[in-house]
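Novice: Take a look at the following structure, please.
The values are calculated or read from the model by the stated rules, or taken from the named source; none is laboratory data. In this text, all values refer to a predicted model and were calculated from it rather than measured experimentally. Positions of Cβ are generated from backbone atoms using ideal geometry, with glycine treated the same way; all protein chains shown enter the neighbour counts. Keep in mind that these areas ignore ligands, DNA and RNA; they rest on the heavy atoms of the full protein, side chains included. Shrake-Rupley method; radii C 1.70, N 1.55, O 1.52, S 1.80 Å.
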Amino acid sequence: GTPGSRRVEPHSLVTVYSRWYLVGYDIERNDWRTFRLDRLSESAVTGHRVPRREIPTGDAAAYITRAIASAPYRYTAQATVYAPHETLLAGGHVLSGRVKPIDGHTCAVSVSDDSLDHIVHHLVDLDAEFTIDHGPPELREGLRALADRLTRAAQS
């Protein structure tokens, strides 16, 4: 949350959950990092060529997926979703590490974010029936508030 500056050798741009990320090698930390493009400002091109480096996972999209899945978040919820594993992955709304098949028709999905509203919308975006297995009590309140708002809109 604190602004800072970094010297990064850019490698790839990847989109996940409708957000763009830069994958790059942080020279000062001697390690790979991910940066959300909407949080970057005042970038400067040095004109220097950078050495071609291999991303540890071998694939920028896989690296971003792993970084997002393992990041610490304020809220986490687990839901049983009544849709096949492949359907959820094909829709692009769930990271592969966050959905586990239960059987051919249901999956366990883990959703984390710093905003409960984002979790609510993420679950609704799955476009499938679901039940909440674990999560903060405020999550159910957020789902009820959204349901009430949608019901009023449908009746108007």
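Novice: VAL45 passes all but one of (1) farther than 30 Å from ILE119 by Cα; (2) among the aliphatic types (A, V, I, L, M); (3) open to solvent by less than 90 Å² (accessible area, probe 1.4 Å); (4) free of Cβ contacts under 8 Å to residues at least 24 places away in the same chain; which number fails?
Specialist: (3)
Novice: Related question: Check ASP117, ASP133 and return the single one that is open to solvent by 30 Å² or more (accessible area, probe 1.4 Å) and either in contact with a helix residue (DSSP H, G or I) (Cβ under 8 Å, 6 or more places away or on another chain) or assigned to a helix (DSSP H, G or I) (or both).
Specialist: The unique qualifying residue is ASP117.
Novice: Which is part of a loop (DSSP other than H, G, I, E, B), acidic (Asp, Glu) and more than 30 Å from ARG144 (Cβ to Cβ), of GLU86, GLU42?
Specialist: Only one candidate qualifies: GLU42.
Novice: Condition test on THR65, is it without any contact (Cβ under 8 Å) to a residue 60 or more places away in the chain, among the hydroxyl-bearing types (Ser, Thr, Tyr) and surrounded by fewer than 16 Cβ atoms within 10 Å (Cβ to Cβ)?
Specialist: Here the answer is no, as THR65 does not meet what is asked.
Novice: Let me ask something else. Across the stretch 1-39, what is the number of residues that are assigned to a loop (DSSP other than H, G, I, E, B), open to solvent by 100 Å² or more (accessible area, probe 1.4 Å) and within 24 Å of HIS122 (Cβ to Cβ)?
Specialist: The qualifying residues number 2.
Novice: Return the pair list, or none, for Cβ contacts closer than 8 Å from residues in the stretch 69-84 that are under 14 Å from ILE119 (Cβ atoms) and open to solvent by 20 Å² or more (accessible area, probe 1.4 Å) to residues that are in a helix (DSSP H, G or I) and not basic (Lys, Arg), at least 6 apart or on different chains.
Specialist: From residues that are under 14 Å from ILE119 (Cβ atoms) and open to solvent by 20 Å² or more (accessible area, probe 1.4 Å), the pairs are TYR75/LEU116; TYR75/ILE119; TYR75/LEU139.
Novice: Condition first: out of contact with any Phe, Trp or Tyr (no Cβ under 8 Å at 6 or more places or on another chain) and more than 30 Å from THR106 (Cα to Cα). Can you find one or more residues in the stretch 31-38 that meet it?
Specialist: No.
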